[in-house]
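Report on the structure given below.
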Amino acid sequence: MALAQINIAEVHNKLVEAIREFFANCGAKRAAVGFSGGIDSAVVGALAVEALGKENVHALMMPSEFSTLHSIQDAVDLAENLGIGYHIVEIAAIYKQFMEELAPVFGPNNKWNVAEENLQARIRGTLLMAYANKFGALVLNTSNKSELCMGYGTLYGDLAGAVMVIADLYKTEVYQLAAHINRKGIIIPLSTITKAPSAELRVGQKDSDSLPDYAILDELLYKLRELGMSYDEVLAQGADKEALDRVCALLKGSAFKAHQVPPLFNVSGLPVAYKEKWLL
């Protein structure tokens with residue numbers, strides 16, 4: 001059983017109108033978006049331009065030592081295709097300063113782990129918020145539903161923002177939306193759509209290092225969340241047990257993050273946050 005088919009044109013129109021209405025209600029005109037060269041920020045940037053006008057959208061590219069040249073170029077190409085202003089702000093020196101200050105805390109035998117990865121995301125979040133505050137803009141968050149359900153995002157980093165634009169779309173649906181945006185011509189670079197997704201927080205990182213393939217992940221999430229199927233029911237339908245165990249563990253282990261993220265645009269009519277409250 002695959003995901004239910006969505007009307008991608010309808011979703012596109014709903015999100016454009018939702019952005020427009022959200023900004024009107026906030027009394028804001030300008031949006032800031034972090035462009036990574038990936039599919040999620042590309043889709044959000046394109047939607048923002050359609051909703052607010054290219055003169056009201058600004059992009060920050062914030063590469064690190066782990067960012068690939070093609071991702072930086074994809075981000076620049078996207079901004080130029082959209083006709084928006086952008087700045088490239090290198091974070092390597094900022095990250096190095098943090099690590100030097102933290103060296104006595106981490107100790108002489110420090111080994112790389114998620115702390116170093118999340119630090120990069122939080123530096124980027126801080127820079128985006130600084131730009132937004134300085135110029136009266138609102139930051140548009142670019143996380144999707146697959147990542148949000150799995151906790152594949154950094155609190156106070158890439159989960160920050162005024163509103164989550166595509167948090168009710170699975171990753172596979174984000175790809176559909178990207179194709180729809182490009183239906184009349186190339187806006188989102190094709191290389192952004194075809195390359196393997198990566199947070200680029202360490203050398204050679206791919207999303208598949210931490211998550212099942214998105215086609216598998218999204219189907220499992222759809223059955224568990226949207227259809228309300230039990231673990232045993234999903235397993236009985238032939239799901240890979242290792243992938244299912246991994247997804248269920250991540251759903252439970254990261255549920256606390258769903259209570260600390262910005263508001264989101266709900267296009268499915270279904271709850272995005274994991275329902276259980278992990279509070280005493």
Looking only at the range 49-81, which residues are closer than 27 Å to K206 by Cα, of a type in the set (A, V, I, L, M, F, W, C) and modelled with pLDDT of 95 or more?
A59, L60, M61, M62, A75, V76, L78, A79
Count - residues of the range 64-113 that are more than 30 Å from V43 (Cα to Cα) and either buried (at least 18 other Cβ atoms within 10 Å of the Cβ) or of a type in the set (K, R) (or both):
2
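Just one of K96, K111 is charged (D, E, K, R) and in a helix (DSSP H, G or I); which is it? Before the answer, list the steps.
On the way: K111 fails: in a helix (DSSP H, G or I).
None of the other options fit; the residue is K96.
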Where the second residue is assigned to a helix (DSSP H, G or I) and the first is of a type outside the set (K, R) and lies in the range 107-130, which pairs have Cβ atoms under 7 Å and are six or more apart or on separate chains?
L119/Y95; L119/F98; Q120/Y95; I123/I94; I123/Y95
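State whether the residues of the range 121-131 include one that is touching a Lys or Arg at 6+ places or on another chain (Cβ under 7 Å) and either within 22 Å of H70 (Cβ to Cβ) or in a helix (DSSP H, G or I) (or both). First the steps, then the outcome.
Step one: filter the range 121-131 for residues touching a Lys or Arg at 6+ places or on another chain (Cβ under 7 Å), giving none.
No; the residues of the range 121-131 include none that is touching a Lys or Arg at 6+ places or on another chain (Cβ under 7 Å) and either within 22 Å of H70 (Cβ to Cβ) or in a helix (DSSP H, G or I) (or both).
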Conditions (1) closer than 23 Å to T68 by Cβ; (2) touching a Phe, Trp or Tyr at 6+ places or on another chain (Cβ under 6 Å) -> V163 fails only (1)
Output for the range 21-47, where each listed residue is assigned to a helix (DSSP H, G or I), touching a strand residue (DSSP E or B) at 6+ places or on another chain (Cβ under 7 Å) and either more than 25 Å from N182 (Cα to Cα) or at pLDDT below 95 (or both):
C26
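Taking into account only those residues within the range 142-171 that are in contact with an Asp or Glu (Cβ under 7 Å, 6 or more places away or on another chain) and of a type in the set (G, A, S), which is nearest to E117 (Cα to Cα)? First the steps, then the outcome.
If we filter the range 142-171 for residues that are in contact with an Asp or Glu (Cβ under 7 Å, 6 or more places away or on another chain), which is where we start, we get 142-146, 153, 166, 170-171.
Filter once more, keeping what is of a type in the set (G, A, S): 143, 146, 153.
Values: S143: 17, S146: 19, G153: 10 Å.
Of everything passing the filter in the range 142-171, G153 is nearest to E117 (Cα to Cα).
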All-but-one check, L217 against (1) at pLDDT below 95; (2) within 21 Å of the chain's Cα centre (by Cα); (3) at negative phi, failing number (1)
Residue check, E147 against (1) loosely packed, with under 14 Cβ neighbours inside 10 Å; (2) at pLDDT below 95, all met but one. Which one?
(1)
Of all residues in the range 228-252, which are in contact with an Asp or Glu (Cβ under 9 Å, 6 or more places away or on another chain) and part of a loop (DSSP other than H, G, I, E, B)?
A239
The range 223-235 residues that are over 11 Å from C248 (Cβ atoms), paired with ones that are hydroxyl-bearing (S, T, Y) and loosely packed, with under 14 Cβ neighbours inside 10 Å (beta carbon under 6 Å, 6 or more apart):
none
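Quick check on the range 255-265: of everything there that is surrounded by 14 or more Cβ atoms within 10 Å (Cβ to Cβ) and at pLDDT 90 or above, which residue is nearest to L15 (Cα to Cα)? Full working, then the answer.
Of all residues in the range 255-265, those surrounded by 14 or more Cβ atoms within 10 Å (Cβ to Cβ) come to 255-258, 261-262, 264-265.
Retained after the next criterion (residues that are at pLDDT 90 or above): 261-262, 264-265.
Values: V261: 18, P262: 16, L264: 10, F265: 7 Å.
If we take residues in the range 255-265 being surrounded by 14 or more Cβ atoms within 10 Å (Cβ to Cβ) and at pLDDT 90 or above, then F265 is nearest to L15 (Cα to Cα).
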Across (1) assigned to a loop (DSSP other than H, G, I, E, B); (2) touching a strand residue (DSSP E or B) at 6+ places or on another chain (Cβ under 8 Å); (3) not aromatic (F, W, Y), G204 clears everything bar (2)
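The values are calculated or read from the model by the stated rules, or taken from the named source; none is laboratory data. Since this is a predicted model, take the numbers as computed values, not measurements. Note that each Cβ is placed from the backbone with ideal geometry, even for glycine, and that neighbours are counted across all protein chains shown.
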